[in-house]
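Worksheet: the structure to be examined is printed underneath.
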């Protein structure tokens with residue numbers, strides 16, 4: 001068993017443990033490479049079928065190709081697809097692109113609050129109708145008690161403080177100092193009633209391993225990750241106004257892997273192009289404590 005087989009097996013085990021132990025489980029799908037690998041692993045774990053809904057928080061500022069990709073594969077893989085959105089903030093123009101609020105506040109409104117409302121059932125949810133191909137208002141408002149997320153410990157500092165099974169309170173607030181110990185592959189899945197649980201099957205994967213797995217499994221990815229002839233590409237995907245490109249001539253998966261192996265980005269954080277990570281006031285960790293992905 002090689003290194004990819006080992007981490008694949010561990011992630012599949014975590015997915016099955018989550019499904020066996022938590023009622024009303026969902027999985028976040030950001031359309032990026034990590035969460036797409038997570039969807040692929042879920043399909044392998046459950047023999048081609050994802051037995052829980054995928055949830056996407058649409059800020060309305062995602063790069064259009066990401067939304068096209070989401071809907072194409074949601075239909076092709078027969079995904080139970082749910083989309084949430086903070087329509088009140090958008091209608092009021094309370095966004096960074098409108099220059100009404102700063103980046104971190106915008107993320108708090110369009111991502112954190114939208115996620116909380118979608119998971120709790122207090123906000124509108126839209127579910128993909130596979131017969132019509134349209135998103136329709138979901139009549140269910142039952143809260144999700146657990147959600148699977150594609151974060152990696154090496155991706156960004158605050159994520160290295162996570163556990164495979166990480167408790168949140170009913171408002172999805174994260175107490176960084178109150179995380180259960182996880183020794184020798186033993187996971188805590190016994191939480192007090194009312195606890196919301198985040199599950200992180202990719203926690204100890206690296207960026208290189210993600211791309212090597214994509215290459216091995218031939219997982220389709222958004223073409224934004226590759227140079228289209230301008231010697232630049234996206235390394236991390238988010239909202240268009242706050243996500244920058246990196247200088248790179250990598251035109252396909254194998255060339256991305258070659259770049260990572262040469263150490264081209266060894267001293268550059270993977271999310272260096274995500275502007276909200278750089279803002280004062282704690283940036284991403286502040287957002288994540290209040291429920292951000």
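Coordinate-derived values only; no laboratory data. Bear in mind the structure is a predicted one, so any value in this text is a computation, not a measurement. Reconstructed Cβ throughout: ideal geometry from the backbone, glycine too, with neighbour counts over all protein chains shown.
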Using 7 Å Cα-to-Cβ label points, what is the residue 231/residue 262 separation (nm, one decimal)?
1.3 nm
Per residue and in cubic angstrom, what volume does the convex hull of the Cα atoms of region 207-277 have?
86 Å³
With a Förster radius of 22 Å, plug the Cβ-Cβ distance of residue 190 and residue 24 into 1/(1 + (r/R0)^6) and report the FRET value to the nearest 0.05.
0.85
Radius ratio Rg over Rh of region 1-70, counting only Cα atoms, Kirkwood formula for Rh
1.02
Suppose R0 equals 41 Å; then what is the FRET efficiency for residue 223 and residue 1 from their Cβ-Cβ distance, rounded to the nearest 0.05?
0.80
In nm, what is the difference between 0.36 nm times the number of residues separating residue 251 and residue 94 and their Cα-Cα distance?
52.8 nm
Only bridges with both residues in region 1-144 count here: give the DSSP antiparallel percent, nearest 5.
55 percent
With 10 Å bins from 0: P(r) over region 3-205, alpha-carbon pairs, percent
8, 34, 39, 17, 2
Placing each pseudo-label 7 Å from Cα in the direction of the beta carbon, residue 60 and residue 9 end up separated by a distance in nanometres of 4.9 nm
Listing 29, 211 by rising number of other beta-carbon atoms within 10 angstrom, fewest first, gives 211, 29
Would you list 253, 149 from fewest to most Cβ contacts within 10 Å?
253, 149
If each part is reduced to its alpha-carbon centroid, region 188-203 and region 94-129 end up apart, in Å, by 23 Å
What is the fewest-to-most order of 151, 189 by other Cβ atoms lying within 10 Å of their Cβ?
189, 151
